[in-house]
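Here the structure is laid out as structure tokens; the discussion comes afterwards.
The values are calculated or read from the model by the stated rules, or taken from the named source; none is laboratory data. All figures in this text were calculated on a predicted structure; none of them were measured in a lab. Here the Cβ positions follow ideal geometry from the backbone for every residue, glycine too, while neighbour counts run over all protein chains shown. These area figures cover heavy atoms from the full protein model, side chains too; ligands, DNA and RNA do not enter into them. Shrake-Rupley method; radii C 1.70, N 1.55, O 1.52, S 1.80 Å.
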Amino acid sequence: MAYVAPQGLLILASPLSEIDEPLAYQGGTSVLRIEAAVDDLATVRQFIREQARKAGAGSREVADIVQAVDESVSNSIIHGYRGSAGTVDIEAARDGSTFVVRVRDQAPPFDPTTVPLPDVNLPLEQRHLGGLGVLLTRELTDSMTYEYTRRGNELTLRKKLNTAGGGSDVEHHSRT
Amino acid sequence: MNITVEHEPAPTEPVAVMRLEGELDQSNYLHVINKARELRDAGTRQLVLDLADLNYMGSSGIFALRSIAIILGGDEPPSPDDGWGAIHELGNRSADEVKRVKLLSPQPAVDRVLERTGMKRYFETFTDRAAAIAAF
């Protein structure tokens, strides 16, 4: 089951819980909480699509952000929770000319920014197919940062809006 | 996501055209692979994937593409349940079987995924259905 909060409001999920310390950017933050189930991925994409459009993202920017978030949430569900019950929180906000999404889960610590990326230029029979989700996330966003805190894994993606190009800037923080 | 299949005559042997409508992600990519397996079991060896109405494809779709090509070649791809080792092993298979699959009219976002993952070099892409079928 998924819950969407109007901008600036915390949401309560069942069993009772709070999303503490959501992104706090101008214009407020919208939050979606899903169960760690791949059947909810379509809901995630639609949520991000709506939030990105509201933030003024163009169609290509929307598509890029949706892809990156879908890949990140998929990894939380498949490789993080690995079939165990849990939730994934997706927070979205605009910060100036940047659209910011944070994906948070309580799966075992895992830093996707350290995943070795496949070499897509190798011949097919020499290539590993793992890591494509992280590859796409890095290439389609301007920044991908990770933290492990008392709240769990937190992956923050940033996409500059209405700009061309954009490299990938990866940082890694880990604290408990 | 909806999957529909049509069968077309072709110069060499019959071609199946599998049309995917909607979004392809971790929740349904196995359905696509299983559909290809059904077609293979019924005799199909060549497939056009009509992507004109596929609005989204996650990286699981890339795994599906490679798996479909292997299946049509008469082999079985590794199961995703086998974990990362299986995913990595998939890349070690021969690239020849990818010629059994042609792609038709991917939307821009799907096309970018194919491009960024290096798959466009291997899977021929067409914008005309007849041309895709005739290309086998």
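Using only protein heavy atoms and a 1.4 Å probe, how much accessible area in total is buried between A and B, to the nearest 100 Å²?
The buried area between A and B, both sides summed, comes to about 2600 Å².
Candidate cross-link partners of A:K160 among the lysines, defined by an alpha-carbon separation under 20 Å and a same-chain spacing of 8 or more, comprise A:K54. Where only DSSP H runs of four or more residues are counted, chain B gives -10000 deg cm²/dmol as its mean residue ellipticity at 222 nm, each run worth -39500 (n - 2.57). Normalised by the number of residues in the range B:1-88, the mean separation of alpha-carbon contacts (under 8 Å, six or more apart) gives a relative contact order of 29 percent.
Once both labels are positioned 7 Å from their Cα atoms along Cα-to-Cβ, the gap between B:K120 and B:E76 label points is 3.6 nm.
Between the range A:121-149 and the range B:17-71, the C-alpha centres lie 22 angstrom from each other.
Listed by chain and number, the aspartates and glutamates whose alpha-carbon sits under 12 Å from that of B:K99, ignoring those within fewer than 8 places in the same chain, are B:E124. Once you order the gyration tensor axes a ≥ b ≥ c over the Cα atoms, which shape class does the range B:94-136 get: rounded for a/c under 1.5, otherwise prolate or oblate by comparing a/b with b/c? It comes out oblate by the Cα gyration axes. Packing here is the average count of other Cβ atoms within 10 Å per residue, and on that basis the peptides B:130-136, B:63-69, highest first, run B:63-69, B:130-136.
Listed by chain and number, the lysines whose alpha-carbon sits under 18 Å from that of B:K102, ignoring those within fewer than 8 places in the same chain, are B:K35, B:K120. Spacing of the modelled spin labels on B:E6 and B:K99, each 7 Å from Cα toward Cβ, amounts to 2.7 nm. Expressed in Å, the radius of gyration and Dmax of the Cα atoms of the range A:50-117 are 13.4, 38. Our coupling estimate for the range A:71-80, obtained by passing each phi through the Karplus curve with A = 6.51, B = -1.76, C = 1.60 and θ = phi - 60°, is 4, 5, 5, 4, 5, 4, 5, 6, 9, x Hz, Gly and Pro reported as x. Given their separation in residues at 0.36 nm each and the Cα-Cα distance between them, A:E50 and A:F110 gain 18.8 nm when the chain is fully extended.
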